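The values are calculated or read from the model by the stated rules, or taken from the named source; none is laboratory data. The model shown is predicted, which means the values in this text are computed figures rather than measured ones. Here the Cβ is made from the backbone with ideal geometry for all residues, glycine too, and neighbour counts use every protein chain on show.
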Amino acid sequence: MPSVGRHLLTRYDDIVHAEKLPEVFSSREEGSLLRTVGPNMLREDDPEHRRLRAAAEPPTRPRQVRDLWAGSFERTAHELLDRIAGRGEADLVRDFAEPLVAANLALVLGLHNAGADDIADWSRAMMAGNSNYVNDPDVWLRAEQATLAIEMAVAERAGAVRREPDGSVISSMVNAPEPVDLAETQNNVKVIVGGGVNEPRDVFGVGAWALLQRPEVLDRVLAEPALWKRVFEETARWISPIGMYPRQLTQDYEIAGVTLPAGSRVALVIASGNRDESVFLRADEFDVDRPHRPHLAFGGGPHFCMGAWVARHEVSALAWPLVFGRLKGLRLDDGAEDRMEGWVFRGPTSLNVTWHASA
Ligand code: HEM
């Protein structure tokens with residue numbers, strides 16, 4: 001694909017194959033678009049990657065999500081719904097999902113000195129930088145400003161949690177058994193701010209949009225809440241919040257009958273792999289009953305998404321059940337034009353809905 005200077009792997013099996021060979025399909029991409037971030041786990045290979053990931057990961061494991069964060073996530077979701085419930089109309093992406101996941105991320109990271117609005121703004125600026133394939137100077141400038149703001153916030157919190165650990169990601173990194181320095185902590189927080197808002201927000205929006213157009217599926221899910229988990233996995237497969245991510249070849253390598261030279265840039269197009277008809281029957285359909293096959297939305301191999309359990313919990317255990325449970329008569333606003341946008345990062349730009357305001 002000359003316009004993006006990359007070979008695109010689009011089939012499920014080829015993507016899985018590449019993810020099993022991180023020593024060939026390296027994450028240490030030269031001139032990565034994550035350049036405003038500095039060295040970080042997402043664009044390192046093992047053993048560097050493993051050291052950084054091991055330091056950051058503990059607060060995002062399923063048990064920690066349940067024991068440390070779930071209660072606050074739920075309180076925040078109720079507060080946001082309290083604010084809009086009487087209105088009878090809202091854009092659920094802007095007024096609910098984004099502030100919810102941004103506040104949750106601030107909590108998990110330990111950025112108590114930043115508001116949900118700061119996190120959402122920084123995230124937007126970082127994401128725009130990370131997908132600035134057209135090299136827009138304004139986009140770089142905003143990403144650099146966000147970078148500086150995050151660095152200052154992390155430096156302040158790092159000092160505090162060194163004295164008094166609080167179970168957060170920053171605390172876990174600062175107090176890790178294998179040392180992680182301040183710059184490394186800052187860089188990884190930047191990556192997480194960049195990647196921890198859009199994706200859960202977009203899964204929320206896509207799934208709610210899909211269900212509002214399929215009342216018979218929604219009724220089943222409301223009657224059988226265990227199905228929310230399936231709705232989550234099918235939503236992430238169907239319209240993957242991250243459409244592609246990059247790798248670079250460390251050696252000449254033949255894949256799908258084509259020999260690519262060392263140094264080639266490759267894109268793993270998981271949005272396409274997730275709709276590979278040889279793996280997912282009627283792949284373009286949203287079907288919560290499809291036979292289980294692991295989707296690729298969280299990636300694979302050593303870089304498998306660190307926030308998967310945070311995202312699953314905040315969206316499928318809390319956000320959807322609370323929204324559909326509390327906002328009675330919820331429906332898509334007939335006049336609104338909600339659109340899906342993006343291919344590196346993909347999701348609805350808005351989700352305009354109405355409900356019975358007395359609820
Ligand atoms: C539905 C929501 C999400 C989706 C679909 C998603 C998707 C992904 C994907 C595809 C990757 C792999 C990228 C690559 O290998 O280049 C990844 C990595 C990562 N994600 Fe997520 N993500 C989500 C939510 C989150 C959240 C909420 C957080 C933070 C709490 C997070 C933190 C990370 C981190 C730190 C990595 C890098 C892991 C590593 O390099 O070992 N993600 N994510």
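Quick notes on this one:
- Residue check for G195: in a helix (DSSP H, G or I) and within 16 Å of the ligand (Cβ to nearest atom): yes
- For region 86-113, the set of residues classified as in contact with a Phe, Trp or Tyr (Cβ under 8 Å, 6 or more places away or on another chain) and either among the small types (G, A, S) or more than 29 Å from G329 (Cα to Cα) (or both) consists of G88, A90, A97, L107, V108, listed by residue number.
- Which numbered condition E79 fails, given (1) farther than 27 Å from E144 by Cα; (2) more than 15 Å from the ligand (Cβ to nearest atom); (3) buried (at least 17 other Cβ atoms within 10 Å of the Cβ): (3)
- Among the residues making up region 222-259, those that are out of contact with any strand residue (DSSP E or B) (no Cβ under 9 Å at 6 or more places or on another chain) and either at pLDDT below 95 or not in a helix (DSSP H, G or I) (or both) are E224, S240, Q251, G257.
- Enumeration of residues in region 132-149 that are buried (at least 18 other Cβ atoms within 10 Å of the Cβ) and not in a helix (DSSP H, G or I): N132
- Some residue of region 206-225 being in contact with a His (Cβ under 8 Å, 6 or more places away or on another chain), surrounded by 18 or more Cβ atoms within 10 Å (Cβ to Cβ) and hydrophobic (A, V, I, L, M, F, W, C): no
- Residue match in region 108-118 (condition: assigned to a loop (DSSP other than H, G, I, E, B) and touching a strand residue (DSSP E or B) at 6+ places or on another chain (Cβ under 7 Å)): no
- Residue within region 171-191 that is part of a helix (DSSP H, G or I), modelled with pLDDT under 95, within 27 Å of P294 (Cα to Cα) and within 14 Å of the ligand (Cβ to nearest atom) present: yes
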